[in-house]
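Let me begin by presenting the structure, written as structure tokens, before commenting on it.
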Amino acid sequence: VRVDSPQGRFAESAALLDRTRLEDATSSGKHLFVEFEGTRFVHVHLGLYGKFVVNRTPAPAPVGQVRLRLTGSAAYADLRGATACDLVTDAERTAILDRLGPDPLDPAADPDRAWQRVRRSRSPIGGMLMDQSVFAGVGNVYRAEVLFRHRLHPLRPGQSLRVGQFRALWEDLVVLLHEGVRTGRIETLRPEHTPEQSPATPAGTRNYVYRRTGLPCLVCGAKVRTEELAGRNLFWCPRCQPVFRSRAVR
Ligand SMILES: [Zn+2]
């Protein structure tokens with residue numbers, strides 16, 4: 001492939017990879033590794049605004065800030081706005097992977113690794129779902145939605161969850177994330193709550209609580225609430241997801 005950095009920020013590394021063979025591309029959590037011959041990897045993390053778009057050739061002149069362009073015989077790919085785009089060695093790739101928790105999209109993932117962290121922690125489950133060393137790949141929409149679907153308050157301490165609740169949460173993440181990959185959209189409503197099936201759900205609604213602050217809960221009608229945790233917004237229904245009170249404390 002031809003490897004190029006029209007914007008210039010990846011130019012030095014691009015020159016090293018240009019006209020070599022692209023061997024593979026794999027993801028783990030939010031990290032993508034594009035492998036080139038000689039066991040060299042381009043590590044990409046899209047962050048909040050990045051896009052890596054693949055189209056058929058011929059490639060037009062690059063538009064905007066294209067950090068990386070890969071051009072093969074049949075297709076080309078443009079990377080824009082990514083948080084990370086670095087040439088890394090196999091050892092550096094392994095070090096990144098070692099810091100990640102299990103990924104619900106990975107059929108070989110071991111959810112027990114996440115459970116062992118959750119069950120020992122006083123941290124809120126809402127925070128742990130976004131901690132990539134506990135669960136790899138879960139973002140803010142899935143966090144809000146999976147907690148709603150399991151009626152768990154986002155600030156509930158990890159150690160207060162029962163193993164059955166954790167397993168159900170994990171299984172649901174597996175289903176929801178695969179569905180997201182398949183459709184390219186984050187749609188988290190159960191069939192009975194979609195706009196087609198429920199008069200309480202306004203047309204175009206795809207999620208229960210994410211970015212629905214102040215609007216009525218699709219299930220119970222209470223107003224959806226929001227609060228910031230570690231710089232990102234939590235969304236939840238105060239009635240469907242009651243505050244957890246430990247029996248032991250009472
Ligand atoms: Zn509700």
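The values are calculated or read from the model by the stated rules, or taken from the named source; none is laboratory data. Quick caveat, the model's predicted, so the values are computed rather than measured. Counting neighbours? That spans all protein chains shown, and the Cβs are built from the backbone with ideal geometry, glycine included. For accessibility, only protein heavy atoms count, side chains too; no ligands or nucleic acids. Shrake-Rupley method; radii C 1.70, N 1.55, O 1.52, S 1.80 Å.
Worth pointing out:
- Scanning the stretch 141-158 for residues that are assigned to a helix (DSSP H, G or I) and either of a type in the set (A, V, I, L, M) or under 18 Å from Cys220 (Cβ atoms) (or both) turns up Val141, Ala144, Glu145, Val146, Leu147, Phe148, Arg149.
- Scan of the stretch 201-238 for residues that are open to solvent by 40 Å² or more (accessible area, probe 1.4 Å) and basic (Lys, Arg), ordered by number: Arg206, Arg211, Lys223, Arg225, Arg232
- Selection status of Thr213, more than 13 Å from the ligand (Cβ to nearest atom), more than 25 Å from Asp110 (Cα to Cα) and assigned to a strand (DSSP E or B): no
- In the stretch 166-210, of all residues being in a helix (DSSP H, G or I) and among the aromatic types (Phe, Trp, Tyr), the one that is nearest to Gln116 (Cα to Cα) corresponds to Phe166.
- Residue count, the stretch 157-173 (criterion: over 18 Å from the mean Cα position of the chain (by Cα) and open to solvent by 50 Å² or more (accessible area, probe 1.4 Å)): 4
- When the stretch 67-79 is filtered for residues that are more than 17 Å from Leu16 (Cβ to Cβ) and crowded, with 21+ Cβ neighbours inside 10 Å, the ones remaining, listed by number, are Tyr76, Asp78.
- Filtering the stretch 88-109 to residues that are open to solvent by 50 Å² or more (accessible area, probe 1.4 Å) and either touching a helix residue (DSSP H, G or I) at 6+ places or on another chain (Cβ under 6 Å) or closer than 22 Å to Leu16 by Cα (or both) leaves Thr89, Asp90, Ala91, Glu92, Arg93, Thr94, Leu105.
- The set of residues in the stretch 216-230 that are closer than 18 Å to Pro242 by Cα and more than 13 Å from the ligand (Cβ to nearest atom) comprises Thr226, Glu227, Glu228, Leu229.
- Top-ranked residue of the stretch 231-242 - restricted to ones that are in contact (Cβ under 8 Å) with a residue 24 or more places away in the chain and away from the ligand (no atom under 14 Å from the Cβ), ranked as farthest from Ala144 (Cα to Cα): Arg232
- Selection status of Arg190, charged (D, E, K, R), surrounded by fewer than 13 Cβ atoms within 10 Å (Cβ to Cβ) and within 14 Å of the ligand (Cβ to nearest atom): yes
- Number of positions in the stretch 128-155 that are open to solvent by 20 Å² or more (accessible area, probe 1.4 Å), of a type outside the set (Val, Ile, Thr) and closer than 19 Å to Tyr208 by Cα: 6
- Of all the residues in the stretch 32-54, those that are surrounded by fewer than 15 Cβ atoms within 10 Å (Cβ to Cβ) and farther than 19 Å from Arg19 by Cα number 5.
- Checked against (1) within 16 Å of the ligand (Cβ to nearest atom); (2) part of a loop (DSSP other than H, G, I, E, B); (3) under 24 Å from Met128 (Cα atoms), Arg245 meets all criteria but (1).
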